[in-house]
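**Q** Structure in structure tokens, see below.
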Amino acid sequence: MKHGIYYAYWEKEWAADYIPYIEKAAKLGFDILEIGGAALPALNDAQLSEIKSAADANGIIITTGYGPAPAHDVGCLETREGALEWYRKMFYGMEKIGSNVIGGALYSHWPVDYSQPINKEEDWKLAVEGMQILSKIARNHGVQLNMESLNRFEGYLINTAEECVKFVKEVNCDNVWVMLDTFHMNIEETDIAQAIRTAGSLLGHFHTGECNRMVPGRGRIPWREIGKALREIGYNKTVVMEPFVNTGGQVGSDIKIWRELIPGITPEMLDKDAADSLAFQRYMFDGNM
């Protein structure tokens with residue numbers, strides 16, 4: 001497996017200069033830095049080239065994450081045309097920086113506004129149709145799309161591994177895969193390890209994080225069982241930790257971090273926790289536990 005971390009662990013705003021985080025991820029021993037896809041369409045070729053050069057120089061793989069804005073919802077007929085055009089630009093940026101894996105609620109938008117009426121059955125059909133179109137665009141840029149199963153408070157279409165497998169099978173495109181996240185699984189799944197087995201060979205990307213949004217190993221998620229299940233299904237792809245511990249800014253607001261999870265946190269402490277968690281995660285997932 002290749003192990004990574006999401007850049008926003010260190011950030012309070014979604015907009016960021018990714019190059020320092022590429023260098024930091026490499027220094028801390030990660031294989032991957034996951035960046036935010038929202039910024040890519042606005043970057044010019046020179047800026048994209050700088051990111052690619054930094055990743056190559058530091059031996060870092062770049063994956064991409066995106067929680068689509070409502071305007072980028074391919075499952076909504078009113079926004080689909082504009083969303084597809086926007087994704088073309090993002091996939092172009094991904095190709096330029098050498099990123100071929102993206103994950104998130106790409107079938108819908110994030111987070112869902114529950115003040116609006118919900119029709120899951122109809123929205124599901126539209127989302128499947130939208131993803132079938134989007135997958136063709138992504139394929140032109142060599143991009144793999146990973147459908148993230150979210151908890152019920154952030155999304156309603158796909159909440160479990162079982163639903164995610166069903167959705168991916170209905171889309172039936174070879175570059176559309178299942179994505180699971182231990183934070184969301186902790187809320188929705190009866191048995192986290194069994195959910196991984198349910199995803200099986202369709203699992204294309206995996207996010208890790210504690211029930212309290214801290215780094216793996218600083219909560220109560222059953223990591224030993226998760227590692228065993230990943231090895232049982234022969235998973236050898238990308239594993240990206242997605243912890244959020246900083247209050248303030250748009251990141252803190254969107255993720256709902258309303259208190260200091262680590263009192264008196266410093267950049268040095270964040271780095272040490274990340275490095276320690278990486279060693280822990282590798283031990284749990286890559287070992288013969």
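**Q** Between a first residue in the range 40-51 that is farther than 14 Å from MET94 by Cβ and a second residue that is aliphatic (A, V, I, L, M) and in a helix (DSSP H, G or I), which pairs have beta carbons less than 6 Å apart while being 6 or more apart in sequence or on different chains?
**A** The qualifying pairs do not exist here.
**Q** How about the range 233-287: which of its residues are β-branched (Val, Ile, Thr) and more than 21 Å from the chain's Cα centre (by Cα)?
**A** Selection gives ILE262, ILE265, THR266.
**Q** Of everything in the range 259-285 that's under 27 Å from GLU225 (Cβ atoms) and at pLDDT below 95, which residue is surrounded by the most Cβ atoms within 10 Å (Cβ to Cβ)?
**A** Checked the range 259-285; the qualifying residue surrounded by the most Cβ atoms within 10 Å (Cβ to Cβ) is LEU261.
**Q** Now for a separate question. Output the residue which, of all residues in the range 94-147 that are among the small types (Gly, Ala, Ser) and in a loop (DSSP other than H, G, I, E, B), is farthest from LEU180 (Cα to Cα).
**A** In this case the residue turns out to be SER115.
**Q** Restrict the check to the range 248-258 and report whether at least one residue is surrounded by fewer than 14 Cβ atoms within 10 Å (Cβ to Cβ) and not in a loop (DSSP other than H, G, I, E, B).
**A** Checked against the condition, which is being surrounded by fewer than 14 Cβ atoms within 10 Å (Cβ to Cβ) and not in a loop (DSSP other than H, G, I, E, B), the range 248-258 yields at least one hit.
**Q** Still on this structure, please answer the following. Quick one: count up the residues across the range 174-195 that are of a type outside the set (D, E, K, R), surrounded by fewer than 20 Cβ atoms within 10 Å (Cβ to Cβ) and outside any helix (DSSP H, G or I).
**A** Total meeting the criteria: 2.
**Q** For the range 196-221, give me each residue that is touching a helix residue (DSSP H, G or I) at 6+ places or on another chain (Cβ under 6 Å), open to solvent by less than 10 Å² (accessible area, probe 1.4 Å) and not in a loop (DSSP other than H, G, I, E, B).
**A** ILE196, ALA199, THR208, listed by residue number.
**Q** Write out, first by first residue and then by second, each pair whose Cβ atoms fall under 9 Å of each other, whose residues are 6+ apart or on separate chains, and whose first residue, in the range 164-184, is among the acidic types (Asp, Glu) while the second is open to solvent by 10 Å² or more (accessible area, probe 1.4 Å) and assigned to a strand (DSSP E or B).
**A** Between residues of the range 164-184 that are among the acidic types (Asp, Glu) and residues that are open to solvent by 10 Å² or more (accessible area, probe 1.4 Å) and assigned to a strand (DSSP E or B), the close pairs are ASP181/GLU148.
**Q** Scan the range 241-274 residue by residue and report those that are within 16 Å of PRO111 (Cα to Cα) and without any contact (Cβ under 8 Å) to a residue 12 or more places away in the chain.
**A** Across the range 241-274, the qualifying residues are SER253, LYS256.
**Q** Can I ask one more? Among what's in the range 77-113 and is among the aromatic types (Phe, Trp, Tyr) and under 21 Å from PHE167 (Cα atoms), pick the residue that is surrounded by the most Cβ atoms within 10 Å (Cβ to Cβ).
**A** TYR107
The values are calculated or read from the model by the stated rules, or taken from the named source; none is laboratory data. All of these numbers come straight from a predicted model, not from anything done at the bench. Methodologically, a virtual Cβ is constructed for each residue, glycine included, from the backbone with ideal geometry; neighbour enumeration extends over all protein chains shown. Remember, those area values only see protein heavy atoms, side chains included, never the ligands or the DNA or RNA. Shrake-Rupley method; radii C 1.70, N 1.55, O 1.52, S 1.80 Å.
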